[in-house]
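To start, the structure itself, in structure tokens.
Nothing in this text is a laboratory measurement; each read-out follows from the coordinates by a stated rule. As the structure is a prediction and not an experimental result, all values here were calculated from the model. For neighbour counting, all protein chains shown are included, and Cβ atoms are generated from backbone atoms with ideal geometry for every residue, glycine included.
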Amino acid sequence: MRPIPYGRQNITEADIQAVVETLQSDFLTQGPKVEEFEQKFAQYIGSKYAVAVTNGTAALHLCALVLGVNEQSNVITTPITFAASANCVRYCGGTIWFADIDPATGLLDIDKVKALLESKPKNFFSGIIPVDFAGMPVNLEAFRALANAYNLWLLEDACHAPGGYFVDSKGVKQNCGNGDFADLAIFSFHPVKHIATGEGGMITTNNQDFYKKLLLLRTHGITKNPELLHQNPGGWYYEMQDLGYNYRIPDILTSLGISQLSNAAADLVQRHHIAQRYDQAFKNLKNVTILNPEAYQEKNTDGHAYHLYIIQVPDRKGLYDYLRQHQIFTQVHYIPVHTMPYYQGLGWQTGDFPLAEKYYEHCLSLPMYPTLTAQEQQHVIDKILEFIDRT
Ligand SMILES: *Cc1c(COP(=O)(O)O)cnc(C)c1O
């Protein structure tokens with residue numbers, strides 16, 4: 001049996017053909033494929049606007065800029081996420097605060113956020129960055145209400161959740177990243193994510209001012225749009241109106257993204273099948289805890305985007321090593337961000353967020369990707385059961 005990773009891209013013949021066509025076209029970058037990808041992605045997610053960029057981290061950085069993060073800003077996120085969710089605030093000189101997770105879901109606990117907000121003077125905080133961790137959608141309706149009460153912005157890190165949704169209090173399906181509750185949302189097209197372009201990212205929003213600012217900042221703060229220019233002496237003329245970056249994604253990659261996007265819904269169905277088989281295999285084992293609260297399952301698991309399938313076991317390192325010996329390469333998501341040496345250097349300490357740290361001691365992300373075969377998955381399950389029996 002071939003080695004089994006925890007995540008893997010699914011590149012089809014049509015994907016390859018799409019890239020070849022772009023290579024043979026007039027545009028390798030800044031051509032028509034960027035806008036086409038943005039429009040189709042916005043349609044998939046249900047947002048008004050989408051802005052494609054070089055990667056998810058650049059997307060986070062641009063969002064922090066348009067939200068006005070600066071040295072005075074205090075922003076809250078979860079310790080159980082990829083470091084970039086927090087780093088974007090640091091890029092702009094702001095201060096990151098963490099609040100602990102709900103151990104049943106692994107998501108940022110809104111009650112812990114509330115307690116943190118109450119512990120400081122009004123207007124101390126400027127925003128919250130919730131993460132749809134593992135593909136489980138955050139209840140952004142609840143976060144919006146909290147954000148409104150404290151005059152905060154919301155930036156949804158939806159890297160794990162394209163195609164995911166939660167059902168709001170009116171019974172409406174709210175797609176991750178649709179901009180109904182969060183001011184901005186971001187996605188990544190790293191090969192382990194749902195849609196792969198190699199490197200790539202997307203920002204979605206319903207806010208036209210943010211959208212215009214993002215377009216400008218993505219390309220050096222430079223515009224050639226006649227409607228925006230202060231003067232227009234000739235066809236060569238452009239203006240740098242703000243300090244921006246080169247965060248442009250090339251047409252080579254967005255053509256791959258367009259083709260990948262056309263498979264996204266079918267791939268998501270595949271992820272659900274895989275999750276159901278894992279659920280079935282583990283549900284009666286007292287030494288395996290599924291990171292899916294029963295409460296959530298009763299309500300709805302249809303909206304879960306299953307970027308990751310995470311279990312918690314007593315001897316995580318033992319299981320990780322055992323599976324490795326059998327060519328099954330699981331992963332740990334995540335080492336709590338506040339325990340990273342960089343963040344410890346800013347004053348955070350191990351012990352600050354006990355629930356996140358306890359979760360980290362036991363969590364393991366199992367193979368989860370659309371091309372994982374039923375036979376391969378059964379092999380993974382068998383090896384886990386073998387190990388669990390022996391302990
Ligand atoms: C992957 C990821 C990012 C960063 O995306 P890149 O495209 O790798 O820069 C940010 N946040 C989360 C939660 C992620 O999983």
Distance in nm between label sites at Q39 and T371, each 7 Å beyond Cα in the beta-carbon direction? 3.0 nm
Sorted by average packing, counted as other Cβ atoms within 10 angstrom per residue and highest first, what order do 132-145, 33-46 take? 132-145, 33-46
Binning at 10 Å from 0, report for region 1-82 what percent of all alpha-carbon pair distances ends up in each bin. 12, 28, 33, 20, 6, 0
Once the convex hull of the alpha carbons of region 265-390 is built, what does its volume come to per residue, in cubic angstrom? 136 Å³
How would you order 172-178, 92-98 from highest to lowest mean count of nearby Cβ atoms within 10 Å? 172-178, 92-98
Given a cut-off of under 8 Å on Cα pairs at least six residues apart, what relative contact order in percent is computed for region 4-263? 27 percent
Net charge near Y237 (other residues with Cβ under 14 Å of its Cβ; Lys, Arg +1; Asp, Glu -1) is -1
Long pairs among K120/K358; K317/K383; K283/K358, criterion Cα-Cα beyond 19 Å: K120/K358; K283/K358
Per residue, how big is the convex hull around the C-alpha atoms of the chain? Give it to me in cubic angstrom, could you? 145 Å³
For the chain, longest principal axis from Cα atoms; helix 208-218 axis from its Cα atoms; angle between them, nearest 10 degrees, is 90 degrees
Note: region 1-140 at 10 °C, 1.306 mPa s; Kirkwood Rh on alpha carbon pairs; Stokes-Einstein D in µm²/s works out to 88 µm²/s
All other residues with a Cβ under 11 Å from the Cβ of H338 taken together, and with Lys, Arg as +1 and Asp, Glu as -1, what is their net charge? -3
Measuring from the longest principal axis of the C-alpha atoms of the chain, the long axis of helix 140-149 (C-alpha) lies at a number of degrees, nearest 10, equal to 60 degrees
By a straight-distance test (C-alpha under 16 Å), which lysines pair with K213 as possible cross-link partners, with residues fewer than eight away in the same chain excluded? K48, K224
A student applying the Cα gyration tensor rule (rounded when a/c is under 1.5; otherwise prolate if a/b is larger than b/c, oblate if not) would label region 172-235 oblate
At 222 nm, what helix-only mean residue ellipticity would the chain give, in deg cm²/dmol to the nearest 500, using -39500 (n - 2.57) for each DSSP H run of four or more? -12000 deg cm²/dmol
The value for region 179-329 (convex hull of the alpha-carbon atoms, volume per residue, Å³) is 183 Å³
Per-residue counts of other Cβ atoms within 10 Å, averaged by peptide: what ranking do you get for 73-80, 203-210, 276-283, 163-170, highest first? 73-80, 203-210, 163-170, 276-283
Tell me, Kirkwood radius of region 213-254 from alpha-carbon pair distances, in Å? 11.1 Å
Mind pulling the angle between the C-alpha long axis of helix 374-390 and the longest principal axis of the chain? Nearest 10 degrees, somewhere in 0 to 90. 50 degrees
